[in-house]
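Only one structure is covered here, and it is reproduced in the block below.
Every number here is computed from the coordinates shown, using simple stated rules; none is lab data. Please read these numbers as outputs of a predicted model, since none were measured by experiment. Virtual Cβ from ideal backbone geometry, glycine too; neighbours counted across all protein chains shown.
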Amino acid sequence: MANWNDPQDTRTGLGTSFGSAGAVGTGRTDVFDAGLRRHMLSIYNYMTSGVLLTGIVALLMFTSGTAEALYYTPLRWVVALSPLAIVFAMSFGVNRFSTVTIQALFWTFAVLMGMSLSTVFLVYTGPSIAATFFATAAAFAGLSLFGYTTKKDLSGFGSFLIMGVVGLLVAMVINLFLKSPAFYYAISFIGVLIFAGLTAYDTQRLKEQYFHLRGTEFAGKAIVLGALSLYLDFINMFQFLLAFMGQRD
C-alpha cells in the first residue's frame, strides 16, 4: 500500500516488460528475469510468513483466553494502535534503519497484528473466519498475478486508490459515532474494492521497483517493505470481506 522510495523520476514506464528492462541493462534478459523471480519470491515468502505468524498468534491468544481478557481492558487500544506505529516507523525511518532492524520490525508488526486480530474469534465463528481467509487468499493470488503479468500501466490508479484509503478511514471514524449498519456495510464493500485494486497495483509497482533497486543497498529493505505492502493489502481485504462472509456467534 505504501510507496517507499518509489523511483518515479527515473521510471521508463510501468508497462515496461521484463525483456525490455533486461535489454536496457546488458541484454541478458534471462538473468534479469531470474533475478526478478527471486526478488518477488522473497517478497511473497516474507508476506506469507507474516500472515501465518499473525494467524498463529491470533489463534493462540483466543484458545488461551487472553483475547477475551484483552478485549475488556483499555490495553486493547494500545495493541490495536501499535501496528500502525510500527508502519510509520518503518516508512519514515527506512533510510536510517538497517535491514536487520527493518526485518525485526516486520516480525514484531506481524505478532502485534495477531494480538489485535485475535478478538475477531470473539465475534465470528471459526468456520466463517476460515472460509473468509481462504476466499481472501484466492482473490489475493488472482489479483497479484494480474498485477504481475498485465501490460496495462496501473500507476494512474495508485493515487486514486490511496485517496480512497484516506476517505475510507474518515468514513470509519464518522461511523464510530453514527453506528449505522448500512454505512458499515457500504464501507466494507468499498474497502474490499480498494484493497483489491491496491493488491494489483502494489504487485506491479514492486515488480518495476526491482529494476531500479537491484544491486543497491536498499534492495534488502525493499523486499521487507514490499512484503509489508502486500501484507496490509491482504489483511485489510480480509477484514472488510469478513463483514459479509463472517457469521456472528
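Under 21 Å from the Cα of LYS221, which lysines turn up, not counting those fewer than eight places away in the same chain? Filter leaves LYS207.
Think of each Lys and Arg Cβ as +1 and each Asp and Glu Cβ as -1; about the Cα centre, that makes the dipole of region 137-227 roughly 60 debye. With contributions of -39500 (n - 2.57) from each DSSP H run of at least four residues, the per-residue ellipticity at 222 nm computed over the chain stands at -27500 deg cm²/dmol. The modelled label-to-label distance between THR63 and VAL78, using points 7 Å beyond Cα along the C-beta direction, is 2.7 nm.
Put a dot 7 Å past the Cα of PHE244, heading toward its Cβ, do the same for LYS152, and the two dots end up 1.9 nm apart. Think of region 19-245 as a dipole: +1 on every Lys or Arg Cβ, -1 on every Asp or Glu Cβ, centred on the Cα centre; then among MET40, HIS212, PHE146, HIS212 lies furthest on the positive end.
Measuring r between the beta carbons of MET163 and TYR184 and using R0 = 22 Å, the FRET efficiency lands at 0.55. Going from the fewest other Cβ atoms within 10 Å to the most, the residues SER49, SER144, SER118 appear in the order SER49, SER144, SER118. Both the radius of gyration and Dmax for region 19-245 are 18.6, 61 Å, in that order, over alpha-carbon atoms.
Taking the chain as a Gaussian network, Cα atoms linked when under 10 Å apart, which of VAL166, VAL120, VAL192 shows the biggest mean-square fluctuation? Answer for the Gaussian network model of the chain: VAL166.
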